[in-house]
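Beneath this line is the structure, given in C-alpha cells, with notes to follow.
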Amino acid sequence: MLRVELADARPGMELAVPVTHPTNPETVLLRSGFTLDAKTISRLLELRAKSIWIAYPGMDFVGNQLCPKILEAGQRLSGAIGKAFGEILPDGKAEMDYSPFRRAISELMERLMASPKARTLIVDLASSQIPLSRSAGHGCFLSLVLGLKLETYLMLTRSRLGVLSRDVSNLGMGALLRDVGVTQLEPDQRWRWRAASDSVDPAWREHVTLGYDMVRGDLEPSAAAAVLNHHQRFDGSGFPDRLNLQGRAQAISGTDIHIFARLIAVADVFDRLRHPAPVEPGAPEPEPVPIVRVLKQMLRTDMAAWFDPIVLRALVHVVPAFPPGSVVTLSDGQRAVVVSWDPLDPCRPVVAALDRFALDPARFEEPGEQIDLSKSRALHIAEAEGQFVAGDLFEPETPDEFDVHKAQSAMIAIPAEELAG
C-alpha cells in the first residue's frame, strides 16, 4: 500500500482503503478494490480530497498499520459531532445529547485497544463540512492516542484523576467537546479567531467558560475540567485566570493543570497548525500543512514552553513526521516510499527507492533498495505531502531527546524499564 497525493493519482490505480466524502465522512464514495479512472480522479479533485491509499506490490505490511474498524469508528464519531454542532450553530440554543458521543468514543477506544499498531497512521481520521467539528474529531482521536501512549504517566497522576486513572474515555469526551463554547460566540468572533488565532481576544477567551457551563453536570468532572482548562499552558501563559492564594488572578501552570487538559492542549494546537483557516470567509479550506512542519514549530520554537514536555515528546511517537507508506522525494531527486521510522530520530526514516515509473499502474514494481536515512547523512527528505519540506526537518538535540520513557523516569523517579513495560 502507498499513500498517494491525489494530484499524483493515475487511472488504473486500485484503492486499498475506502474513500469517504471529504465533507461527510460517514458517506463512503469508493470502496477498497475500486480501480480509478480519469473521471473519478477529476471528481475527487473537485471535492478537494487530499490523498488516497492504493494497492502496491511489496508494501502489504503497511496494511497491518491501518485498521478499517478504527476508520469506521472515527467516521461515526466525526458524523455524531458534526450533526450536533450543525444543530447548535444556527441559533446557539439547541440542547446537546451526549449519549452518541459516549458510544462513539467507547467504540473508538475498543478499536484502538485492539489494534495498537494502527494508532499512528490515521492522522486525519475523518473530515466534516463544519471546521469546528472536524477539529473536534481530530483532537479527540489524537488525545486518546496520546493518552494510551502515556497510560503509565496518567496512572501515576491518579491523585489528580481519581480512581479511574486508566480510563481515558473521559479524556476523549473532554477533547471532543473542548470548543463547544465556541458555538455560543457571534459568527464574527468565531471567524476572527480562525483567521488570526489571536488568543488574547477577550471575546474568544470566553468560549472556555461558556463551554464549561454547557457541559458541567452532564460530563464527568475530569472531562468538564478539560473543557475549561485546555488553553492553560505549562509555562503559565494560558487562560482562564484563577485567584491564587494571595487573591491575585493568574493562569495555572505546570502539573497544577489537569493531565487531560495537558494532553488536549497538544492535540488542539497540532490540529490548528495543520489545518489553517481560509484567507477570508467563504474561501476554500487551505491544504493541510505538512506534518513535519507542524512538529518542528511545536518542538523548536517558543511554543514548546506551552506544553507538558512529556506529552510533547509523546507526540512524535504517535504522529510520524513521515508516515510509513507515504511517497517522498529525496534530496538527490529520487522518489521513495517510507518503510519504517524511529521516533527517536523522527525526520530520518527508512525509505525504499521507487523507479521513475513508480506511479504508473501499468509498470508497478516492488520498491528497490532500502535506505536508512539515519545512517545516510548525505541524503534527506526534500518533498512530502506535495510540498517542499527540506527546511522543516529537525534533528534530536540529544540522543535521548525524544525518549519518552526516560523523560517520564527523570520527572517522576520511576525506572525507565518499568515505564517501558
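The values are calculated or read from the model by the stated rules, or taken from the named source; none is laboratory data. Computed from a predicted model, the values in this text were never measured in an experiment. With ideal geometry, Cβ positions are generated from the backbone for all residues, glycine too; neighbour counts draw on all protein chains shown.
Some observations on this one:
- Some residue of segment 18-28 being in contact (Cβ under 8 Å) with a residue 60 or more places away in the chain and hydroxyl-bearing (Ser, Thr, Tyr): yes
- Among the residues of segment 29-39, just one is in a strand (DSSP E or B) and either of a type in the set (Val, Ile, Thr) or touching a residue at least 24 places away in the same chain (Cβ under 8 Å) (or both), namely Thr35.
- Test: residue in segment 242-249 that is under 21 Å from Ser135 (Cβ atoms), among the hydrophobic types (A, V, I, L, M, F, W, C) and in the same structural domain as Ala136 (by TED's automatic domain parsing): no
- Scanning segment 257-282 for residues that are modelled with pLDDT under 90 and over 22 Å from Gly137 (Cβ atoms) returns Val279, Glu280, Pro281, Gly282.
- Among the candidates Ser133, Ser143, residue that is in a helix (DSSP H, G or I), among the small types (Gly, Ala, Ser), in contact with a helix residue (DSSP H, G or I) (Cβ under 8 Å, 6 or more places away or on another chain) and modelled with pLDDT under 80: Ser133
- Checking Arg363, Arg300, Arg293 one by one, the residue that is assigned by TED's automatic domain parsing to the domain that holds Leu393, of a type in the set (Lys, Arg) and at negative phi is Arg363 and no other.
- Residue pairs whose Cβ atoms lie under 8 Å apart, sitting 6 or more positions apart in sequence or on different chains, and linking a residue in segment 55-80 that is surrounded by 21 or more Cβ atoms within 10 Å (Cβ to Cβ) to a partner that is among the hydroxyl-bearing types (Ser, Thr, Tyr) and part of a helix (DSSP H, G or I), are Ser78/Ser133.
- Any chance Val316 is crowded, with 17+ Cβ neighbours inside 10 Å and outside the structural domain of Arg48 (by TED's automatic domain parsing): yes
- Filter pass, Ser42 being assigned to a helix (DSSP H, G or I), assigned by TED's automatic domain parsing to the domain that holds Arg134 and either at pLDDT 85 or above or not hydrophobic (A, V, I, L, M, F, W, C) (or both): no
- Filter result for Ser331 (within 22 Å of the chain's Cα centre (by Cα) and of a type in the set (Ser, Thr, Tyr)): no
Rundown of residues vs (1) within 16 Å of Val337 (Cβ to Cβ); (2) touching a Phe, Trp or Tyr at 6+ places or on another chain (Cβ under 8 Å); (3) of a type outside the set (Phe, Trp, Tyr), yes/no style:
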{"site": "Met1", "(1), (2), (3)": "yes, yes, yes"}
{"site": "Ala16", "(1), (2), (3)": "yes, yes, yes"}
{"site": "Thr20", "(1), (2), (3)": "no, no, yes"}
{"site": "Asn24", "(1), (2), (3)": "no, no, yes"}
{"site": "Ala38", "(1), (2), (3)": "no, no, yes"}
{"site": "Glu46", "(1), (2), (3)": "no, no, yes"}
{"site": "Gly63", "(1), (2), (3)": "yes, no, yes"}
{"site": "Ile70", "(1), (2), (3)": "no, no, yes"}
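- Residue list for segment 18-28, filter: part of a loop (DSSP other than H, G, I, E, B) and at pLDDT below 85: Pro22, Thr23
- Filter pass, Glu385 being under 22 Å from the mean Cα position of the chain (by Cα) and modelled with pLDDT under 95: yes
- Among residues of segment 363-375 that are of a type outside the set (Ser, Thr, Tyr) and surrounded by fewer than 13 Cβ atoms within 10 Å (Cβ to Cβ), those with a beta-carbon under 9 Å from a residue that is at pLDDT 85 or above and in a loop (DSSP other than H, G, I, E, B) at least six positions away or on a different chain give the pairs Glu366/Tyr56; Glu366/Pro57; Glu366/Gly58; Glu366/Met59; Lys375/Arg348.
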